[in-house]
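Note sheet for the following structure.
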């Protein structure tokens, strides 16, 4: 049997992402990777918590943060997590078209989130002169939230690349694990944001 | 705490352990020749832990030696297949439980000592000194006394002296091995506290124990332990010192002028204002120049002209004055002896 | 395809083969050679340090250069010598021990190596580009953030790149061990070396990201004007200490656990006995790994964390002595009742026990938080960690190399030269480091460029320096042995030491697909079980069939090279924004290669059944 035959069976298995050894390896390897990412973000959270009151005479979190925009951004990202679940649901049903559509929605929501974040940063910099260099709070805030934003951007590029690359040939056992772990990554980003929303914004506003 | 540890100590004094160790190193420097409350407490802990460890080591080595001699493959045994033992529950429990017990024996005095040495609350304090480290020297400000010195720290014998530690630049670590353990001096708000209590008069070595730049190894200072009466006298003299006092010789008077014009922007004489360089109020009494050189005129001139030769990376600029002027400044500095109490009295 | 290329035998083809290989056995060679070279560099730096400290008030090298030496010695030995040498062993042995044909992600395996390699090269470029880092391998802020010149920048970028490689390697081995064990090999039948690699990889996974973050913060402070460690703008320098040691302490166990595995294999093989208390050994390994994350602050007893934190970390640190003690006794009782053969590998392992016991004991002494106020940052600490890292890790690597050399290179290292290398190194090691315990207690802080006359430290330091020369002699004899063996020794058989585990069931060195048929594992010490029942080898778990193999690729090299270019851009853009162009070029190369990797299908190829039968492993 050639590779092509193995990867394009007549009947798709129930869990196409874990049907091959390569798929299984990717699946579990990515979970491990997310474990490492958790430590990465935990370290950034720790740094932020240690420096959250170090304003060096500049604006503090209570003064800076408004919850309206951040709340909308949270909703956008939570919804995008849900839409990526739909996409994976359709992957398991071997419905490539619908999967692509829901992934497209996910990407759109992610873009909207990033736009909100850019607007927010811009606002802090120009209205409050609160920058990466102005205080230790600034350094740790932009690093933590910026790392998350960078992850969102990378996730978007990743999903779009997968969608474009496989647009013509549809789903098979070679690319199913790739779609699946991209969606895992997206969920992870979402969970991290929930923590950012709580620890940075809510706790920052309440004091 | 002390009594309990004392018994242990008496026990081990009989053994050779303590004797061997206490033969190590130089008086006033070695942690194995303790002459202060902290250093003695820690020395006892060391002896206790070494004793436990030597016991463990002997057990391990006994089994080890036996095994290696007894079970070495001999001629004619090439085809012998030993019994493939999986393990032994009883043995495994024994070598799990006994170490736990030994560690508990060690953990209890450890925690006690940690809390003992951390007891630096301010209401107990009668003498408080703010220690500030900088690359590569030490400043000592006596709280409430309007006294500042650098490099030589005067303390009275038998009294607790409370130190508050901070750094003006990078992290350093304050260590007087024969009197007490060390603690870091951090920049910013992370101030630390510790106390010194010396049991014998003398001039003790102090060192920096955290890598702080090229001259890390040359950041020495001295702790001058004098009797309480001498200490009182020293404090009185230092408070009465006149920063502007006119030297006796004309050379020194010229030196004073040169000093005021070239050096005063960094070096203070008297407690105020604080300079960015070492305070020189009692420079004439210092046991060393810059912590490392003998206090001769040649050395002082040499230092003034080229400080980086002696302490690489320090921030004092070279050649601010010429050689002749440096000689006059040295004359001036060497007669700065506001107190009759000097390191000589500590011996 | 790697086989076709290898047969051409030209030098260019040979290089190209290694640049593109994804074969774990060849990647092991790459790790071994580059780790070995960095080990020699670190050793040279150590010799210079010891010559400087030969006598009081010595001026052999300047104070600034001395700080560069100690920084590079520590950084090189930990990150660029010990880690890759252990990765060499993991790559050479773990897939064979679990009966796998390769690791889970062969491509990532290659990427991990090249990232490590280029990171190490960047770090060492600093010597030729205005000075090496000089803030110690721990790089405490703000000494590191304010250190003039670019030295510390090289440290930050070099470690960041090689750290990414290590992390990738860790994940790779985790997945390999979870997913690719041969049929019948349950977790509790895995050889202990594989177990220790499993735990080590977990530690890598959870420890390295903390270093990554620490290095990012330092990089931002030094290169992009952030103020994490600038107290004037509200920064806090203690954050670095925490992040560094949250990584740094597990790192110690990342180094030592694999060699615990090595010793377990060597003691069992050369005593002809099953490892005593296997399940306790597994349990102890996991426990050490777990506790390894609970003790980082014992490096910070003098930082001023307060008595409560100091007490807690003192007690958790002491607790680690218990599982470590269990291991020592289990090794002793593995030999008890056995038939001990003193080969070179066994010699290094036997020497390890008293050495490591001393290192462990001084570890417990250091855990006594209050007493650590005296030990901390003195030569006592220097002596302690060299007893565990040289006496543990380096002894272990030497034991492992003597043990697995036939599996890696097809020849058994010469026994006589092996012993000649051992004795000067062993004696020199104790001469160098035992006396340092006392130097520390006598008041000599570590990282001291000079000690002075009249401090009573001269004799001890002289002895220590003499010892260092003996160690160097041992290393030179070992290198001679490597050359001698390559030239003079005959080819080794598949199982020269009467081994117990799967790697000894296939040829030395193994064919590039490892196992023609995946073996069926029936218990711990799988090969020993078969041999003790009179069989010649393993029973296959599958009929002979096509073998799926991954394609080689140059992309890992290209990606790492891209980061290498970008690294210089990051370092020098501080001086002149023109250098940012290098960042864009380098990152462009990296992302471009990632893009190619992502969109180009890589399905691998098959070795056909007929070829396997015909060639009988000699493809």
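None of the figures in this text is laboratory data; all of them are computed from the coordinates on show. Remember, it's a predicted structure, so these values are computed and weren't measured experimentally. Neighbour counts run over all protein chains shown; Cβ positions are idealised from the backbone, glycine included.
Summary table below
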| item | result |
| --- | --- |
| Residue exposure sequence - B:150, B:315 - by fewest surrounding Cβ within 10 Å | B:315, B:150 |
| Volume of the Cα convex hull of segment B:123-178, divided per residue and given in Å³ | 100 Å³ |
| Virtual spin-label span in nm between residue B:189 and residue B:86, 7 Å along Cα→Cβ | 5.9 nm |
| Residues A:14, B:286, B:160, sorted so that the one with the fewest Cβ neighbours within 10 Å comes first | A:14, B:160, B:286 |
| Label point distance in nm, residue A:85-residue B:108, each placed 7 Å from Cα along Cα→Cβ | 5.6 nm |
| Most mobile of A:18, A:168, A:92 in a GNM of chain A (Cα contacts under 10 Å) | A:168 |
| Mean Cα-pair separation over length for chain B, i.e. relative contact order, pairs under 8 Å, 6 or more apart, % | 16 percent |
| Gaussian network model of chain B, Cα within-10 Å springs - most flexible of B:183, B:54, B:69 | B:69 |
| Projected area averaged over orientations for segment A:31-206, convex hull of C-alpha atoms, nm² | 10.1 nm² |
| 222 nm mean residue ellipticity, helices alone, for chain C (DSSP H n ≥ 4; -39,500 (n - 2.57); rounded to 500) | -22000 deg cm²/dmol |
| Tilt relative to chain A, helix A:96-128 - C-alpha long axis, 0 to 90 degrees, to 10 | 10 degrees |
| Computed Rg/Rh of segment A:143-207, alpha carbon atoms with Kirkwood Rh | 1.16 |
| Estimated FRET transfer efficiency (residue B:264, residue B:121; beta-carbon r; R0 56 Å; 0.05) | 0.90 |
| Percent RCO, i.e. relative contact order, over segment A:31-206, from Cα pairs under 8 Å lying at least 6 residues apart | 34 percent |
| Pairs of alpha carbons in segment B:153-278 whose separation is greater than 23 Å (percent) | 48 percent |
| Relative contact order (%) - chain C, alpha-carbon pairs under 8 angstrom, separation at least six | 17 percent |
| Semi-axis lengths (Å, descending) of the ellipsoid that matches the C-alpha gyration tensor of the protein assembly as shown | 55, 39, 26 |
| Convex hull volume of segment C:106-179 per residue (C-alpha atoms, cubic angstrom) | 76 Å³ |
| Shape parameters for segment C:47-114, alpha-carbon atoms, Rg then Dmax in Å | 19.3, 58 |
| Average beta carbon contacts from partner chains per residue of B:216-228, 10 Å cutoff | 2 |
| Between 0 and 90°, nearest 10: helix B:250-262 axis offset from chain B longest Cα axis | 70 degrees |
| Order by protection proxy (mean Cβ within 10 Å, highest first), peptides A:125-134, C:45-54 | C:45-54, A:125-134 |
| Cα centroid of segment C:512-556 to Cα centroid of segment B:80-106, whole Å | 35 Å |
| Convex hull volume of segment B:250-346 per residue (C-alpha atoms, cubic angstrom) | 102 Å³ |
| Percentage, to the nearest whole number, of Cα pairs in segment C:416-479 over 19 Å apart | 38 percent |
| Helix-derived mean residue ellipticity, 222 nm - over chain B, DSSP H n ≥ 4, -39500 (n - 2.57), to 500 | -12500 deg cm²/dmol |
| Gyration tensor (Cα) of segment C:146-237, equivalent ellipsoid semi-axes in angstrom | 39, 12, 9 |
| Residue with peak Gaussian network fluctuation, chain B [Cα springs, cutoff 10 Å], from B:21, B:305, B:32 | B:21 |
| In degrees, nearest ten, helix C:379-388 long axis to first principal axis of chain C (Cα) | 0 degrees |
| Angstrom value of the Kirkwood radius, inverse mean 1/r, which spans all Cα pairs in segment C:486-594 | 18.4 Å |
| CD proxy at 222 nm, helix term only [per DSSP H run n ≥ 4: -39500 (n - 2.57); per residue of chain A; nearest 500] | -25500 deg cm²/dmol |
| Mean Cβ count within 10 Å, highest first, over the residues of peptides C:188-201, C:130-143, B:207-220 | B:207-220, C:188-201, C:130-143 |
| Shielding score for C:588-597, defined as the mean number of other chain Cβ atoms within 10 Å | 1 |
| Neighbouring partner chain Cβ atoms per residue of C:376-389, average, 10 Å criterion | 2 |
| Area projected by the alpha carbon convex hull of chain B, averaged over all directions, nm² | 25.2 nm² |
| Proxy reagent accessibility, fewest Cβ within 10 Å first, across C:601, C:153, B:237, B:141 | C:601, B:237, B:141, C:153 |
| Computed over chain C, the ratio Rg/Rh where both radii use C-alpha atoms and Rh is Kirkwood | 0.96 |
| Efficiency of FRET between residue C:483 and residue A:8 - r from beta-carbon atoms, R0 35 angstrom, step 0.05 | 0.10 |
